[in-house]
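J.: What follows is a structure written as structure tokens; I'll ask about it next.
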Amino acid sequence: VNRLGKIILLVIVLAVIGFVALVRFGPPRMIATAPEPAPPPARPSAPVQVLPSGLAMPVAGVAPDKLYDSYGDARGGGERGHGALDIMAPTGTPVLAAAGGTIEKLFDSELGGRTVYIRSPDRRFVYYYAHLDAYAPDIAEGLYVEQGRQIATVGSTGDADPAGPHLHFEIKRMAPEQKWHEGEGINPYPLLAGNAARR
Ligand SMILES: [Zn+2]
């Protein structure tokens, strides 16, 4: 074997090693599966004030003793009861997640206007926020939001009186298999204004 033969052999060996490395690890950067950067954790914009019920006040800056119990009030000419608590606040006031959960639905409806449905991790509750002026820019269906995280702003979309912007807030008890628009309403008032515990 002459000198040229050794060089050719060396080149072949290096080529084989390079090929094996390419197959084994892939071309640099092209196939390399760097983990996707995790979305930044959803942080509450301000320290969360957790009430005795375990819920947070869903409208920023509203004191519990300023609430008026509007659950069960006659609406729509008395044909349907009001299955929610209305929390009055100026348009643009931050709407915060009363409890942590997954955004199950973002929905525009004739009555509710711009709405958010958030499902508790155990799937037993849905928190419904309606008449919203705008969604927070980074919320989406399927996103988990922490308690106290801003999800929207107060408004008067849907059938709300533009002169009286407010958050229409519902708590619905759910069977695990029930869908976002189902469930049985419970009165949020004692949970936000008093010392009642959510069961
Ligand atoms: Zn209402």
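J.: Short version: what are the Cα gyration tensor semi-axes of segment 90-144, square root of 5 times each eigenvalue, largest first, in whole Å?
T.: 18, 12, 11
J.: Where a ≥ b ≥ c are the square roots of the eigenvalues of the C-alpha gyration tensor, would you call segment 121-182 rounded, which needs a/c under 1.5, or, failing that, prolate if a/b is larger than b/c, or oblate? Intermediate results must be reported in sequence, preceding the final value.
T.: Details: a/c = 2.48, a/b = 1.48, b/c = 1.68.
Judged from the Cα gyration tensor, segment 121-182 comes out oblate (a/c at least 1.5, b/c at or above a/b).
J.: From the phi angles alone, apply the Karplus equation (6.51, -1.76, 1.60; θ = phi - 60°) to segment 154-168 and give each ³J(HN,Hα) in whole Hz, x where the residue is Gly or Pro.
T.: 5, x, 9, 5, x, 8, 6, 6, x, 7, x, x, 7, 8, 8
J.: Sticking with this structure for a sec: With equal scatterers on the alpha carbons only and no solvent term, can you work out the Debye log10 of I(q)/I(0) for segment 53-146 at 0.21 1/Å?
T.: Each listed q corresponds, in turn, to -1.24.
J.: Ranking request for peptides 58-71, 145-158: highest mean number of other beta-carbon atoms within 10 Å first, then the rest in descending order.
T.: Top of the packing list down: 145-158, 58-71.
J.: Then there is this: Of the peptides 17-24, 175-182, how do they stack up when ordered by the mean number of other Cβ atoms within 10 Å, highest first?
T.: Top of the packing list down: 175-182, 17-24.
Read-outs throughout are calculated quantities, based only on the coordinates presented, and are distinct from any laboratory measurement. All figures in this text were calculated on a predicted structure; none of them were measured in a lab. So basically every Cβ, Gly included, is an ideal-geometry build from the backbone, and we count neighbours across all protein chains shown.
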